[in-house]
């Protein structure tokens, strides 16, 4: 296609608009109702041009081959000026103050300045009022021009549909769709409306009328909350955060964010931040100097090794820490202490993903990049609520569904994407393996498999076929509670799709047989030939914490070195030993639950916990606390005095993700840079610096003086990371692993040529369904499932110290109205939840999102005691806890 714009020849892409063509010619037009992320509206008439003789709005006019576009004539300039003047005439004069340049209000003010429109043109009386009820979004109705950008942003990008336009004519204004205040609306505070509002009608309280953005320091970094890996720009001045904006060029978020990454940064200036080391004396934690704290740690580690050998020391590394910090921790344990007793919180969430994906395909990550997954024509979303737990991914998936992608949701609760599903499968918690076998049975029975793929690229079909004969739809319905007709419909949708994709979450992994669940789910993609081909987008886990993928990638595991080479593999161990100049201990170390058991049994002399509040997040929390009490030395690195830190002997003040240099790996295996926007408060140090300091206190130089050096060394240890470096990431932004070649792009899509198994074939798994660890009975008749809410993150240590607390102030127990009536529980009142392991007090929330016989709660408020309820049952292959199935009883709170 070829067009001419004011005499300049341009070649816009297919489907482009005249506005795109004008911009391609290097000409800018005012576009007060337009945002490139949204569908065009053409309502403001400020982008008028003449196209082949007709005056049209450029944003809604398709580009046409051979068209002649006029932009810069006096006539067109006057028409655009008239259009803007008409808009401005209804606004009060302050509308042209503009607010911070480049921020809300800046666009209208800039357009007026370019067109020579002064504040005298603004003759509106105002008086329509404000809505300042929300902590993060304030509405000044007098500045609203009813452009609809915020409404479209909420609908088309976020998918919440929380906003609408109300009123008529000049009185039209944006409002929450519920009709009440903004704070009481369905708004999930993604901030999208703020980033698109052109007038300053919608503002973030801290920036409204504040410092011009160009005056602020900008730092591009990667979000430190969930595993999506959103790119953010942190705006600072005088050592404080003014705002955090989503990066328009972010490879995953594309200019979008969620309430946590966008707004929940106030924790960094919380008065609760730890700023000095603490040492327990006479039962109390007292502030001390770093040298004194380090001396105590070093003496304690030496004593533990002297009395019990190297395996008497263990470390829990952090999924919140950078790759470089995790690399340094595991190197410290193996080189300085001489043990493989190092683990991270993937043990509690996605260890079954690593084990199951390795067994099925060969590598411990999702099979495809999210950009490809998003192209699927059928999504099977299992055991995940990305709308709340991974909001940016949830929003992108929802938009695909709203545009026609078929959706199968498999989740016990009717939440998030499940509300939009073509088929919603609601299995009883703990019956995933039976459900997946039922789907596979239908695929085989109806010939919805890729026989050529199975013949050439898969192994294990005869064994699986024999097993699946035992899982016809009627039997699976009896096991899972999913109607046979729904099972068949779902299997046909997935089986007949041209490009299906599977996305799953912790509802698959956090079970007694979580690894079997991952492998049985992977069977579906293998049967369809939908992995490593152009016929689908494989199997992809949604990671929970910001760097839970990277922590494992870096070797913070008791049986794996960086890059997942086994400590028992002579070649992998020899390669690491050559780089480190020290042998790798030959025996696999303790997993996290085994560390706690060893401490209770008196076999562990020192436990170093980095950035994990195990007393709040680990299962059977009472027993975890007993382990810490029994261990002679507990060292904790933290931001705040958490439940775990309160039980430590030494507490080292840590830097947050906003104060660190390094990299994270997100859920689809992309390495991205993390850059410090702030200096840690007081004497707080990065985990990288703290690990170096402990090593130096023991008289050892770990090398790797900078994070960049640490990643470079890791690249020498692990061939799959050999092509990665800080310099490359600074230039390219994001690179997926495997990336063995500095000149290669990295592999977003895996297994194009062969699977990473010994024979190059995918492995089908004939694993029988086995029941969960707990089942309801007369004493404990309900099943408790735990998970996340949209406003908080993990144990809530960061989000509870922000205004997110105003959005969600307590842990609630979701239960079906029929169960509430049965157990005399009323909505909004306290309820006691008891299991065989503990007791918690929560606030009842009656909702049909929960199925009868099941209840749901989050664990964001440790004081509620939710994880005292959960059991010690764990995945038989990986020791991942069975958070998703706990038998409980309910009682009204005694008066």
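So here's what we get for this one:
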item: Residue in segment 535-544 that is out of contact with any strand residue (DSSP E or B) (no Cβ under 8 Å at 6 or more places or on another chain), part of a loop (DSSP other than H, G, I, E, B) and under 22 Å from residue 423 (Cβ atoms) present; result: yes
item: Qualifying strands (runs of 3 or more DSSP E) (wholly inside segment 594-679; at least 1 residues being in contact with a strand residue (DSSP E or B) (Cβ under 8 Å, 6 or more places away or on another chain) and closer than 15 Å to residue 277 by Cα); result: 606-610, 633-638, 650-653
item: Residue tally, condition under 18 Å from the mean Cα position of the chain (by Cα) and part of a helix (DSSP H, G or I), over segment 237-267; result: 5
item: Selected residue [over 25 Å from residue 417 (Cα atoms) and either touching a helix residue (DSSP H, G or I) at 6+ places or on another chain (Cβ under 6 Å) or in contact (Cβ under 8 Å) with a residue 40 or more places away in the chain (or both)] from 823, 793; result: 823
item: Number of positions in segment 35-54 that are touching a helix residue (DSSP H, G or I) at 6+ places or on another chain (Cβ under 7 Å), free of Cβ contacts under 8 Å to residues at least 40 places away in the same chain and either closer than 18 Å to residue 81 by Cα or assigned to a loop (DSSP other than H, G, I, E, B) (or both); result: 7
item: Members of segment 270-301 found to be in a helix (DSSP H, G or I), more than 18 Å from residue 605 (Cβ to Cβ) and free of Cβ contacts under 8 Å to residues at least 40 places away in the same chain, listed by number; result: 291, 292
item: Test for residue 600: is it closer than 30 Å to residue 834 by Cβ and modelled with pLDDT of 95 or more; result: yes
item: Test: residue in segment 433-441 that is outside any loop (DSSP other than H, G, I, E, B), in contact with a strand residue (DSSP E or B) (Cβ under 7 Å, 6 or more places away or on another chain) and on the phi < 0 side of the Ramachandran plot; result: yes
item: Hits in segment 729-752 (condition: surrounded by fewer than 16 Cβ atoms within 10 Å (Cβ to Cβ) and either in contact (Cβ under 8 Å) with a residue 60 or more places away in the chain or touching a strand residue (DSSP E or B) at 6+ places or on another chain (Cβ under 8 Å) (or both)); result: 730, 745, 752
item: Check on residue 839, within 20 Å of residue 616 (Cα to Cα) and surrounded by fewer than 19 Cβ atoms within 10 Å (Cβ to Cβ); result: yes
item: Within segment 302-418, strands (runs of 3 or more DSSP E) holding 2 or more residues that are touching a helix residue (DSSP H, G or I) at 6+ places or on another chain (Cβ under 8 Å) and either free of Cβ contacts under 8 Å to residues at least 60 places away in the same chain or assigned by TED's automatic domain parsing to the domain that holds residue 813 (or both); result: 406-410
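Residues are listed down the side, and each one gets a yes or a no for (1) under 26 Å from residue 337 (Cβ atoms); (2) touching a residue at least 24 places away in the same chain (Cβ under 8 Å); (3) buried (at least 18 other Cβ atoms within 10 Å of the Cβ):
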{"position": "662", "(1), (2), (3)": "yes, yes, yes"}
{"position": "670", "(1), (2), (3)": "no, yes, yes"}
{"position": "705", "(1), (2), (3)": "yes, no, no"}
{"position": "710", "(1), (2), (3)": "yes, yes, yes"}
{"position": "715", "(1), (2), (3)": "yes, no, yes"}
{"position": "718", "(1), (2), (3)": "yes, yes, yes"}
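The values are calculated or read from the model by the stated rules, or taken from the named source; none is laboratory data. From a predicted model like this one, the values you see are computed outputs, not experimental measurements. Positions of Cβ are backbone-derived with ideal geometry, glycine not excepted, and every protein chain shown enters the neighbour counts.
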